1. Work out, step by step, the length gained on full extension between Leu322 and Asn176: first 0.36 nm times the residue separation, then minus their alpha carbon distance; give nm to one decimal.
2. Say each of Tyr237 and Arg4 gets a label point 7 Å from the Cα, pointing the same way as Cα to Cβ; how far apart are those two points in nm?
3. Report, in debye and to the nearest 20, how large the dipole of the chain comes out about its Cα centre when Lys and Arg carry +1 and Asp and Glu carry -1 on their Cβ.
4. Could you sort Val166, Val250 by their accessible area in this structure, using a 1.4 Å probe and putting the largest first?
5. For Tyr319, Tyr162, what's the largest-to-smallest order of accessible area, 1.4 Å probe?
6. Taking amide H atoms as placed 1.01 Å from N in the peptide plane, list the residues 5 or more away in sequence, or in a different chain, whose amide H sits under 5 Å from that of Gly257.
7. Simple spin-label model, 7 Å along Cα-to-Cβ: Ser84 to Val118 in nm?
8. Once the mean 1/r over all distinct Cα pairs of region 97-229 is inverted, what Kirkwood radius in angstroms do you read off?
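The values are calculated or read from the model by the stated rules, or taken from the named source; none is laboratory data. Note that this is a predicted model, so its numbers are computed, not measured. All Cβ positions, glycine included, derive from the backbone under ideal geometry; neighbour counts span all protein chains shown. Areas reflect the complete protein model, heavy atoms only, side chains present, ligands, DNA and RNA absent. Shrake-Rupley method; radii C 1.70, N 1.55, O 1.52, S 1.80 Å.
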Amino acid sequence: MSLRFLTSGESHGPQLTVIIEGLPANLAITPEDINKEMFKRQGGYGRGRRMKIEKDSVEIVSGVRNGYTLGSPVTIIVTNDDFSHWKKIMGVAPISEAEQENMKRVITKPRPGHADLVGGMKYNHRDLRNVLERSSARETAARVAVGAVCKVLLETLNINLYSRVVEIGGIKDSTNHTLETIKQNIDTNDVRVIDDSIAQAMRERIDEAKKEGDSIGGVVQTIVENMPIGIGSYVHYDRKLDGRIAQSVVSINAFKGVSFGEGFKAAEKPGSQIQDEILYSETKGFYRGSNHLGGLEGGMSNGMPIVVNGVMKPIPTLYKPLNSVDINSKEIFKASVERSDSCAVPAASVVVEHVVAFEIAKALLEEFQSNHIDQFKHQVEERRKLNAQF
Ligand code: EPS
């Protein structure tokens, strides 16, 4: 059995819930370990008013006793503080049609780019709130909680993850920063970009979009350091680690693409500049002279840092009116909303880091089946020797 999780919860419902199954026993974990990551996801320049209402902090309600995992399912709860304003509308109890009319919260005007229209058609919902409550990016809070637990697990193996923003609304950090520079400058500003002068240009671009009632997207990057060799497999499509990471990243709300290492630039370069040469020394064993491929060959980790890039489209909830059609009257209307984020790229970089952490932890636990943490650590240490022994 491998590591798995299930999330539940609506954006304005009482809470998000997540159950994680397959964690080894005796892993030291506290709510604070998770909360510090939740806090990062809530921040970032360009977030809207909702994040001022929420103070995402988790409660662990099963699977952990006196600071250590038991090996049983771990349940984590994130309370939605905004629910206090939505008790009737989002309540479990049935309400009359008249009450529903009075509340004026029935949504019949789908937003272009969101799940609203197709979701309504698919599930036969005439109130599109029934779609948007679950399709909202609020769900990513639950996935960060899962990833935060996985990061704690990975830290016990000295595997660390770093995430940053590389582009917002066309403004790029094009410098080829070393891993050391990235590590030293991570989390230093509110756009999560390494270079402070670029951060200012990005903030100005976000302000401009906000003033125009528009939204902007960007590119984020996650790096996984100190990955053991041979995680994932070339033998079957659904065991390839890059394929699994790609699925997870593109499943994040508003993500439209993923690449590894130099990614789409590989299309422009000759093979001699894209493959990473194989070198050997007595002290290091086998190693690579470069990392153009982002640490993955044949669907397996090759020991170099794993570099994952994700592309986020601009958020579809816009203040700027776009054409759409009311599902009841069939009249064309210009959509306008009360509340949204103009840019969630910095927050999304945190989400990518956490979904990657889950996929890495899952692949490692599949490779090294373990009931408890010492067993897991021992097997990973043995694998690390392979490089010098092969
Ligand atoms: C979202 C709209 C906003 C965002 C929300 C995603 O929420 P609301 O409609 O309540 O103002 O803030 O993101 C989150 C709640 C979150 O936790 O990231 C949307 O339309 O998807």
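1. On the way: separation 146, 0.36 × 146 = 52.56 nm, distance 3.80 nm.
Contour length minus the Cα-Cα distance gives 48.8 nm.
2. Placing both labels 7 Å beyond Cα along the Cβ direction yields 2.1 nm.
3. Numbers: 49 positive and 50 negative charges, 157 e Å.
Charge dipole of the chain: 760 debye, to the nearest 20.
4. Working: Val166 25, Val250 65 Å².
Sorted descending by solvent-accessible area, the residues read Val250, Val166.
5. Ranked from most to least accessible, the order is Tyr319, Tyr162.
6. It is Val311, by chain and number.
7. 3.8
8. Details: mean 1/r = 0.0543 Å⁻¹.
Final number for the Kirkwood radius of region 97-229 is 18.4 Å.
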